[in-house]
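The values are calculated or read from the model by the stated rules, or taken from the named source; none is laboratory data. In this text the structure is predicted, and so the values were computed from the model without any measurement. Here Cβ is always computed from backbone atoms with ideal geometry, including for glycine, and neighbour counts include all displayed protein chains.
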Amino acid sequence: MSETRRALEQQFDRILSEYGAAISRLAFSYEAVASVREELVQEIALAIWQALAHFRGECSERTFVYRIAHNRGLSHVWRRRPPHQPLEEIEESDQPVDPRPHPEEQAARTGQRVRLMSAIQSLPVTHRQMIVLMLEGLSHAEMAEVMGITENNVAVRLNRARKTLKDALGERP
Amino acid sequence: MIEDRELDTWRKQWSSVAEPPAEFQRKVQQRIKREDRRFVLGNLLTVIAFLGILIFALFVRHQSNLMGTGWATGICVLAFVSAGYRVWGLRGTWRPQTQSTRAFVELWHKRVAARIRLLRISIYVSLGWIIFCAALTAANWTTIGQGVKAHPKDWVEVLVACVLMQPVIWCWAAWLRRRKLAELNEVKKILDEMDGKSVP
């Protein structure tokens, strides 16, 4: 195996360790069914691997990963319509186990989480992307790089997206 | 301040949403190996197909009759022109995944539009191919006519197969075109959303 390939594999493994959880969360915003989502996560990872050899540092690694992940997500939305799954259909196995001892508190937290996810999945794709990037903690500059818009535009769209999310959460029980 | 608290709450809920699937890295590695094998196999098959066409063309040309040379040349020209046009049609739209979302969607739009054009042209090409075959047959009717008289059943079977193949190809192309048009509409919708035209 060549040195270049080995270096790429190491870089790829590091990216997966560092961004694996973020990619899974992002995939959650595009796909509610666990088995299909797992497939989507693998597709995103594969796309990152295929693009990694051509990555010359034109943008930050974080931006690179989020760009690929969102673009794969968009293609997925087209291939698998309708993308949105009603709240009650989100699989029980999707809920991570909460170690807290109080079942009522745990149920309330799970309910809030499911509500948030369902609301995000119901948003138009561009709003969904803004919200996901915001929740992942990207700066306005990074969001602008991922989306291909100006920073001023990011601020305007983010406000709109947050309002839409609040409305969507308000409509949900 | 309320806004920030709201964001913090959302972030807390969001960060506990999902962990990577079990054995994530191992599964990805397996998938990469599978894709690598598929890539090598795909390239190998393409090379074999093109070499096959060339060998077939040389073989038929060796038979040294006008009909055989015409067929061989026609098939070679068709194969190379189709492959060349496909590459030309999709130029400038490679590796869209690493682009920003805006650029990705614009490239997606370009690719789908190019595929629709390609499908439209393939219909014309298939019509052209029929005309070419008919002209070739007419030009060589003195040779072919003897074969038709000797084995009429075989020739009728070939003719029926050719006639039935065309509607099948056209229906498939029409179905694919409808699908691509739907995809184009979807991409336009996303572009409109990005321009703030259709978002509430």
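Taking the criterion of being on the phi < 0 side of the Ramachandran plot and touching a residue at least 40 places away in the same chain (Cβ under 8 Å), would at least one residue in segment B:89-96 satisfy it? Within segment B:89-96, not a single residue is on the phi < 0 side of the Ramachandran plot and touching a residue at least 40 places away in the same chain (Cβ under 8 Å).
Among the residues of segment A:118-138, those that are facing chain B (nearest Cβ under 9 Å), under 11 Å from the mean Cα position of the chain (by Cα) and part of a helix (DSSP H, G or I) comprise A:Ile120, A:Gln129, A:Ile131, A:Val132, A:Met134, A:Leu135.
Restricting attention to segment B:90-147 and to residues that are in contact with a Lys or Arg (Cβ under 8 Å, 6 or more places away or on another chain) and under 19 Å from B:Val168 (Cα atoms), the residue that is nearest to the other protein chains (Cβ to nearest Cβ) turns out to be B:Ile116.
Among the candidates B:Lys197, B:Lys188, B:Lys180, single out the residue that is within 30 Å of A:Leu158 (Cα to Cα) and modelled with pLDDT of 90 or more.
Step by step, each of B:Lys197, B:Lys188, B:Lys180 is checked, and only B:Lys188 is within 30 Å of A:Leu158 (Cα to Cα) and modelled with pLDDT of 90 or more.
Just one residue in the set A:Leu169, A:Leu133, A:Leu158 is surrounded by 22 or more Cβ atoms within 10 Å (Cβ to Cβ) and of a type outside the set (S, T, N, Q); that residue is A:Leu133. Taken as a whole, segment B:35-51 holds at least one residue that is touching a Phe, Trp or Tyr at 6+ places or on another chain (Cβ under 9 Å), at pLDDT 85 or above and over 30 Å from B:Ile131 (Cα atoms).
Could you please give the count of residues in segment A:26-54 that are farther than 23 Å from B:Glu23 by Cα and facing chain B (nearest Cβ under 7 Å)? Residues flagged as farther than 23 Å from B:Glu23 by Cα and facing chain B (nearest Cβ under 7 Å) within segment A:26-54 amount to 1.
Is it the case that B:Ala150 is farther than 20 Å from B:Trp71 by Cα and of a type in the set (A, V, I, L, M)?
For B:Ala150, the condition - farther than 20 Å from B:Trp71 by Cα and of a type in the set (A, V, I, L, M) - is met.
In the list B:Arg86, B:Arg91, B:Arg102, B:Arg115, which residue meets the criterion of being of a type in the set (D, E, K, R), surrounded by 13 or more Cβ atoms within 10 Å (Cβ to Cβ) and at pLDDT below 85?
B:Arg86
Checked across segment A:32-40, the condition of being buried (at least 22 other Cβ atoms within 10 Å of the Cβ), outside the structural domain of A:Val132 (by TED's automatic domain parsing) and under 21 Å from B:Pro96 (Cα atoms) holds for at least one residue. Within segment A:1-29, being loosely packed, with under 12 Cβ neighbours inside 10 Å and charged (D, E, K, R) holds for A:Glu3, A:Arg5, A:Arg6, A:Arg14.
Considering (1) within 19 Å of the chain's Cα centre (by Cα); (2) at pLDDT 90 or above, the lone condition that A:Asp94 does not fulfil carries the number (2).
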